[in-house]
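The values are calculated or read from the model by the stated rules, or taken from the named source; none is laboratory data. Worth saying up front: this structure is predicted, and the values here are computed from it rather than measured. Every residue, glycine among them, receives a Cβ derived from its backbone with ideal geometry; neighbour counts consider all protein chains shown. The area values use the complete protein model at the heavy-atom level, side chains included, leaving out ligands, DNA and RNA. Shrake-Rupley method; radii C 1.70, N 1.55, O 1.52, S 1.80 Å.
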Amino acid sequence: MPPIAAGARFPHELSGGMQQRIGLARALAIDPAIMLMDEPFSAIDAQTREVLQEELLRIQREIGKTTLFVTHDLDEAIYLSNRVVVLAAKPGRVKRVIDIPFELPRPPLTELRGDPRFQAVRAGKRTARGSNWRSNGRSSSGSSPAASAWTNCSTRTPPA
């Protein structure tokens, strides 16, 4: 869809991917100290999701914003995050913090999945930085695998 045509459309007339891009642009327009993203890619097809994940990483490199990213997708959490915080289902409390052993910028997710460290994190084996997941995609406590993922791509410390 040409940009002019998209600009004349109502939000409900846009694709899910375009709606997510607009949501991200709106969030960035106010220049927040921390970006909060609650499962922004969960209702999008797999191909568009991977494109948007790469776009988010590109934007992170450019602007250096700290992002609190909520997801239940283990691969997405590993790919987008420097640190994953696993939350218990009820009541919501921190069950485990997992440091992700990959530096930024990252290769595409399809390539990263072939990295033995990715497989180790996904399978629950300890890596050099201590990541620990069980192979069924759930933490040992049975909580959601990646209830939230904290990414800090800047050198700034998040506000208290």
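What pairs can you find where one residue is in the range 77-95 and under 15 Å from L36 (Cα atoms), the other is buried (at least 23 other Cβ atoms within 10 Å of the Cβ) and small (G, A, S), and their Cβ atoms are less than 7 Å apart, with a gap of 6+ or different chains? Hits for this filter: A77/A146; A77/A149; L80/A149; S81/A149; V84/A77; V84/A146; V84/A149. Each residue in the range 16-67 was checked for being of a type in the set (A, V, I, L, M), part of a strand (DSSP E or B) and either on the phi > 0 side of the Ramachandran plot or surrounded by 16 or more Cβ atoms within 10 Å (Cβ to Cβ) (or both), and 2 of them qualify.
Only residues that are under 24 Å from E103 (Cβ atoms) and out of contact with any strand residue (DSSP E or B) (no Cβ under 6 Å at 6 or more places or on another chain) were counted across the range 34-65, and they come to 18.
Here's the yes/no breakdown for (1) out of contact with any Ser or Thr (no Cβ under 9 Å at 6 or more places or on another chain); (2) in contact (Cβ under 8 Å) with a residue 12 or more places away in the chain; (3) of a type outside the set (A, V, I, L, M, F, W, C):
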position: M18; (1), (2), (3): yes, yes, no
position: R21; (1), (2), (3): yes, yes, yes
position: A27; (1), (2), (3): yes, no, no
position: D31; (1), (2), (3): yes, no, yes
position: L36; (1), (2), (3): no, yes, no
position: P40; (1), (2), (3): no, yes, yes
position: A43; (1), (2), (3): yes, yes, no
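Only a single criterion out of (1) open to solvent by 80 Å² or more (accessible area, probe 1.4 Å); (2) touching a strand residue (DSSP E or B) at 6+ places or on another chain (Cβ under 8 Å); (3) hydroxyl-bearing (S, T, Y) is not satisfied by T110, namely (2).
Taking G92, is it on the phi > 0 side of the Ramachandran plot, assigned to a loop (DSSP other than H, G, I, E, B) and modelled with pLDDT under 85? Spell out the reasoning first.
Working: on the phi > 0 side of the Ramachandran plot: no; assigned to a loop (DSSP other than H, G, I, E, B): yes; modelled with pLDDT under 85: yes.
Criteria not met by G92.
Scanning the range 68-81 for residues that are closer than 22 Å to A120 by Cβ and either touching a Lys or Arg at 6+ places or on another chain (Cβ under 9 Å) or surrounded by fewer than 19 Cβ atoms within 10 Å (Cβ to Cβ) (or both) turns up H72, D73, L74, D75, E76, I78, Y79, L80.
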